[in-house]
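For reference, the structure is listed below as C-alpha cells.
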Amino acid sequence: MGEELQQEASNQQGRSQAQGHVQSAPKLLKGAAVLGAAAVLSKLLGTLQKIPLQNVAGDTAFGIYNAVYPLYILILFAATAGFPVAVSKFVAESVIHGNHREARRIARISAAVLLGSGVVMFLLLYGGAGRIAAWIGIAQTEKAIRSVSFALLLAPVLAVLRGYFQGYHNMVPTAVSQVLEQLVRVITMVALLLYLAALAYDEEWIAAGATFGSVTGSAAGLLVMYVYWRKAKKLRPGSGQEEDTGGKSAHGTSSRQWAVKIAAYAIPVCLGAIVVPLLTLVDTFTMPRLLEASYGGEWEAMRQFGLYNRGLPLVQLVVMIASSMSAVLVPALADAKARGQLDVMRFRAEMAVRLSWLTGLGASFGLALTAVPINVMFYKSSEASLTMAVLAFTALFSTLNAVSASVLQGAGAIHTPAKALLVAIVLKALGNVALMPRWGIDGAALSAVVAYAAAAGLNLVQLRRCTGARFALRPYAIAPAIGVAAMLGVLAALQGLAMPAAAAWHVPERLSASAIALVGVAGGAAVYGLALLRSGGISREELRLMPELDRKLGPVLDKLGPARRSAGR
C-alpha cells in the first residue's frame, strides 16, 4: 500500500511536469498518431499483397517467397529503425540549441556513411546469392535474393531523411513516404505476379518478381522524402548555405567524429530494432532443412514453410504499429533526460510499456481465437490454424520488445536490446532444433513465443533499473484480464452461433469466414477497449495527457463511471 501511494505521488509529479510542456507533448502525440495510422495502412497493404501470391501461386511459391522475405524485412528494419533513431536523437539535440544548419549536416554525413555501407552490402548480397541459397538449403531462392538486393542502394538515404524529420517531431513526411512506398511495392508485386503467372513462369521467378517490389517501393519513398527535404531547406531558418562536410561544427565536431558518433549509437539500436526479422531469419536458415528431413522432399518442406508463414503478417501488423508509434519516444525521452526531468522520463516510459502491453495482449488473444476464420478468409483453407494461433502470442512479446527497446535507447541504455536479441536468437534456433522434429511447424511457433518473451523480459528488467519505472498489479494484470475475458466471451459466442448458421444456410465457407473474422476483430477490439476503460486499465487523467485520444475516448469513459485518479491504484 505504501509503495502504491508513493507511486501515485510520483505519477502526479510526472504528470504535472508533462502538462507543463503542453507545447511539445501534443506535437509528439500527434506525430505518434500519424505514424501509427501510416503503419496500419502500409502494413495492411503489405498483408494484402501476400494474399494473391498464395492464392494464385500456391503455398510452395509462398514458402519460397517467405524464405527470402526476412532478408527484405531485415533491410527494411535496419534502414527505418536504426540510423533514423540515431539521426533523430542528434538532430533533436541540435534543434534544442537552435542549430538547424548542424542538424542538416548530421543528415548529410549519415547519408554518406549509410550509402557507402549499402553499396558494399548490395555487392555482397547480389554476388553471394547462390551461396546464401545453398545455406538456406533451397536453391530456388537465388533469383529472389538477387532481386531484393537492389533495395540496399535506396533504403539507406530514405532512412536518414526519415530520421531527420523525426528529430523535428515532424512525422508527416515519414508517414506519407511509408504509405507510398508500400503502395508502389504492392502494385509492382501484383503486376509481376499476374504477368509471370500468365506466362507460366515457375515459382522461382514468381518469388523473385514479388521481392522486386521492395526496390520500386523504396524508390518511391525516397522521392517523397527528397521533395520534403527540398521544401524544408527553403523554409527553415539557418538552412541556406551549408557548411563544408569536411569542416567542423560550431562545437568543434568534425565530419569524421560525427560519423563515428552516429554509427556507434545506431549500430546497437539496429540490433535491438531488428529482432523480428533476425529471428525470422533464424527460421529461414533452420526450418527448410528440418522440414525437408521430416517430410523427405524440398517441395513439401517449402509448402509447410509457407503454411507456417501465414500468421506472420498479422503479427507484424501489431508490431509495426507499436514500433512506429515508439519512434517518437527516443527524442522525447532524450529531451526529458537532458532537462533533468527524471519523473517525466519515468512516466513516459511507464505509459509506453503499459500501452504496448495492453495492445499486444488484446491482439494476441484476439488473433488466437479467430485464427480459423482469418486463415480461411486470407488463404482459402483452415490448414495450420493451430500454428497461427500459437504465433499470435508473439505479437504480445515482440511488441513489448520493440517498445521497451526504444525506451531504453531514449534513456541511454543502448546495449541492452542487442544483448536480449542474442539470447532470443539462440533460444529460437535451439527451440527449432528441439521442438520441430516432434511437432513440426507448431514446434517452431512455440519456440518463437519463448524467444520473444525472453527478449522482452530482459529489456523490461533493465528498463526498470535505469528509469525507475514501476509496474503495478491492476493495469498490467487485473484490468487486462477482465478485458480479455470479456473479449473471449464475445468471440466464442460469435463463432459458436455464426458458424452453424452459415453452414445451415449454405453460405460459401470463405464468405462466412470473412464475415466472422471481420466482425470478430472489430467487436472483440471494441469490447476489450471498453472493458479496459471501465476497469481502470487506462485512467481519465492519463487520457488528458493525450489530447487526440482524449477527445474520442474521454466522453465514453465519463459515461462508464467516475474518473479514476490513476490506473496504478
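Computed values, structure above
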read-out: Test: Thr399 is over 26 Å from Ala371 (Cα atoms) and among the hydroxyl-bearing types (Ser, Thr, Tyr); value: no
read-out: Top-ranked residue of the range 403-427 - restricted to ones that are without any contact (Cβ under 8 Å) to a residue 60 or more places away in the chain, in contact with a helix residue (DSSP H, G or I) (Cβ under 8 Å, 6 or more places away or on another chain) and part of a helix (DSSP H, G or I), ranked as farthest from Phe305 (Cα to Cα); value: Ser404
read-out: Test: Glu204 is in the same structural domain as Gly58 (by TED's automatic domain parsing), under 22 Å from Leu74 (Cβ atoms), modelled with pLDDT under 90 and surrounded by fewer than 20 Cβ atoms within 10 Å (Cβ to Cβ); value: yes
read-out: Out of Glu292, Glu298, sole residue that is modelled with pLDDT under 85 and surrounded by fewer than 22 Cβ atoms within 10 Å (Cβ to Cβ); value: Glu298
read-out: Restricting the range 146-182 to residues that are crowded, with 23+ Cβ neighbours inside 10 Å and of a type in the set (D, E, K, R), the residue that is modelled with the lowest pLDDT; value: Arg162
read-out: Cβ pairs under 8 Å, 6+ apart, first in the range 521-538 and buried (at least 18 other Cβ atoms within 10 Å of the Cβ), second at pLDDT 80 or above and not in a helix (DSSP H, G or I); value: Val521/Thr370; Gly524/Thr370
read-out: Hits in the range 466-520 - residues which are crowded, with 16+ Cβ neighbours inside 10 Å, modelled with pLDDT under 85 and over 28 Å from the mean Cα position of the chain (by Cα); value: Met499, Ala502
read-out: Candidate set: the range 365-402, residues that are part of a loop (DSSP other than H, G, I, E, B) and of a type outside the set (A, V, I, L, M, F, W, C); chosen: the one nearest to Pro480 (Cα to Cα); value: Thr370
read-out: Residue in the range 416-436 that is of a type in the set (Gly, Ala, Ser) and farther than 24 Å from Arg289 by Cβ present; value: yes
read-out: Qualifying residue in the range 503-513 (condition: closer than 21 Å to Val353 by Cβ and either touching a residue at least 60 places away in the same chain (Cβ under 8 Å) or assigned to a helix (DSSP H, G or I) (or both)); value: no
read-out: Subset tally (residues that are outside any helix (DSSP H, G or I) and either of a type in the set (S, T, N, Q) or touching a Phe, Trp or Tyr at 6+ places or on another chain (Cβ under 8 Å) (or both)) for the range 95-121; value: 1
read-out: Top-ranked residue in the range 195-229 [being in a helix (DSSP H, G or I), of a type in the set (Gly, Ala, Ser) and more than 25 Å from the chain's Cα centre (by Cα); ranked as nearest to Ala151 (Cα to Cα)]; value: Ala197
read-out: Qualifying residues in the range 428-485 (those that are out of contact with any helix residue (DSSP H, G or I) (no Cβ under 7 Å at 6 or more places or on another chain) and not hydrophobic (A, V, I, L, M, F, W, C)) - the one nearest to Ala525 (Cα to Cα); value: Arg474
read-out: Helices (runs of 4 or more DSSP H) contained in the range 122-188 and holding at least 1 residues among the polar types (S, T, N, Q) and either within 26 Å of Ala61 (Cα to Cα) or out of contact with any Phe, Trp or Tyr (no Cβ under 6 Å at 6 or more places or on another chain) (or both); value: 142-149, 155-167
read-out: Lone unmet requirement of (1) over 16 Å from Val319 (Cα atoms); (2) under 21 Å from the mean Cα position of the chain (by Cα) for Val372; value: (2)
read-out: For Ala469: the one exception among (1) under 30 Å from Gly340 (Cβ atoms); (2) in a helix (DSSP H, G or I); value: (2)
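The values are calculated or read from the model by the stated rules, or taken from the named source; none is laboratory data. Quantities reported herein were computed from a predicted structural model and do not represent experimental measurements. When we count neighbours, we look across all protein chains shown, and the Cβ atoms used for this are built from the backbone with ideal geometry, even at glycine.
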